[in-house]
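Undergrad: Mind looking over this structure? Questions follow.
The values are calculated or read from the model by the stated rules, or taken from the named source; none is laboratory data. Keep in mind it's a predicted model, so treat the numbers as computed, not measured. Here the Cβ is made from the backbone with ideal geometry for all residues, glycine too, and neighbour counts use every protein chain on show.
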Amino acid sequence: MTNKLKYFIGNWKMFGDLSSLKIIYQVHKFCARFKRRGKKNKIILCVPNTLIYFFTTKLKSKFISIGAQNCHHHKTYGPFTGSVSASMLKKIGAKYIILGHSENRSEGDTGQLIKKKIELALKQKLNIIFCIGETFKEKKEDKTFLVLRKQIRDSIDKKYNLNKVIIAYEPIWSIGTGKIPEIQELKKIFIFIKNEFKKNFKTKIFPVVLYGGSVNDSNIKLFSSISEIDGFLIGGASQSSKKFIDIIKNYYK
Ligand code: PGA
């Protein structure tokens, strides 16, 4: 159930401009050194659309992949003012895409809509970082497993190339709040997600599942005791090269 490769994915959200290239350079320099110590890490930065082309052309890094954070559910081009399609993102260098983030769900992304987006992004051969997670109310009402199962079933189809789908478990009450789940509880949730996915879609291997929600350089060590966690989706702390690098360093301490 454990994956050897560990993912550290930054979700920059609505942050960054051209000068943020220096953050990426710092992370790149760190990765180049760290790699030699034989750690198997995958570093991905999901940045605003305005920066994808700039970053992918400026920095040819074999250590860092660049991703997007959302796309429109329509195929390629069309009368959708302000929207960007998966194919447009692919063409400017994105390799990954976050879909189903709770911040987008709260603005109207339903399970069905996310499913369409996943389908189109997979057609473009983008790797999907599919976010799921329960609200605090749902957690209190003991509905976490029910909610996660529904979110997975609503948006994933077994005919998809599931090797290209990474799941990010992000409890909504934990995002940007400084609160994190109890470690024992979190372990159970990870085992549930992995089993549920494998059983439901009849895959040979367990999916890659990440944790996201208030991950920082001080709490990262706590998560390292859960072998089922394959990596992290890091929001606020990924906007600083130092914080992001310290998370990776401290994970292995
Ligand atoms: P956070 O955000 O690390 O700032 O809590 C995580 C996310 O929204 O992906």
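Undergrad: Checking residue 126 against (1) away from the ligand (no atom under 16 Å from the Cβ); (2) under 18 Å from residue 192 (Cα atoms); (3) not polar (S, T, N, Q), only one condition comes out false. Which one?
TA: Only one criterion in (1) away from the ligand (no atom under 16 Å from the Cβ); (2) under 18 Å from residue 192 (Cα atoms); (3) not polar (S, T, N, Q) is unmet by residue 126, namely (2).
Undergrad: Determine whether residue 230 is among the acidic types (Asp, Glu), surrounded by 21 or more Cβ atoms within 10 Å (Cβ to Cβ) and within 16 Å of the ligand (Cβ to nearest atom).
TA: Spelling it out, residue 230 is indeed among the acidic types (Asp, Glu), surrounded by 21 or more Cβ atoms within 10 Å (Cβ to Cβ) and within 16 Å of the ligand (Cβ to nearest atom).
Undergrad: From 167, 183, grab the single residue that is surrounded by fewer than 20 Cβ atoms within 10 Å (Cβ to Cβ) and either modelled with pLDDT of 95 or more or of a type in the set (S, T, N, Q) (or both).
TA: 183
Undergrad: More than 20 Å from residue 233 (Cα to Cα) and not acidic (Asp, Glu): is that true of residue 86 in this structure?
TA: yes
Undergrad: Residue check, residue 222 against (1) hydrophobic (A, V, I, L, M, F, W, C); (2) within 15 Å of the ligand (Cβ to nearest atom); (3) closer than 24 Å to residue 156 by Cβ, all met but one. Which one?
TA: Condition (3) is where residue 222 drops out.
Undergrad: Next up: Is there a residue being touching a Cys at 6+ places or on another chain (Cβ under 6 Å) and polar (S, T, N, Q) anywhere in the range 60-76?
TA: yes
Undergrad: Related question: Does residue 100 count as surrounded by fewer than 19 Cβ atoms within 10 Å (Cβ to Cβ) and of a type in the set (Gly, Ala, Ser)?
TA: no
Undergrad: Please return the ranges of helices (runs of 4 or more DSSP H) entirely within the range 1-103 where 1 or more residues are farther than 21 Å from residue 126 by Cα and under 20 Å from the mean Cα position of the chain (by Cα).
TA: Once the helices (runs of 4 or more DSSP H) in the range 1-103 are filtered for at least 1 residues that are farther than 21 Å from residue 126 by Cα and under 20 Å from the mean Cα position of the chain (by Cα), what remains is 21-35.
Undergrad: Inside the range 173-193, can you point out the residues that are within 12 Å of the ligand (Cβ to nearest atom) and touching a Phe, Trp or Tyr at 6+ places or on another chain (Cβ under 7 Å)?
TA: 173, 179
Undergrad: Condition test on residue 113, is it out of contact with any helix residue (DSSP H, G or I) (no Cβ under 7 Å at 6 or more places or on another chain), over 20 Å from residue 7 (Cα atoms), modelled with pLDDT of 95 or more and surrounded by 18 or more Cβ atoms within 10 Å (Cβ to Cβ)?
TA: Taking the combined requirement at face value, the residue satisfies it.
Undergrad: With 100, 93, 133, 108 as the choices, which residue is at pLDDT 95 or above and under 21 Å from residue 199 (Cα atoms)?
TA: 133
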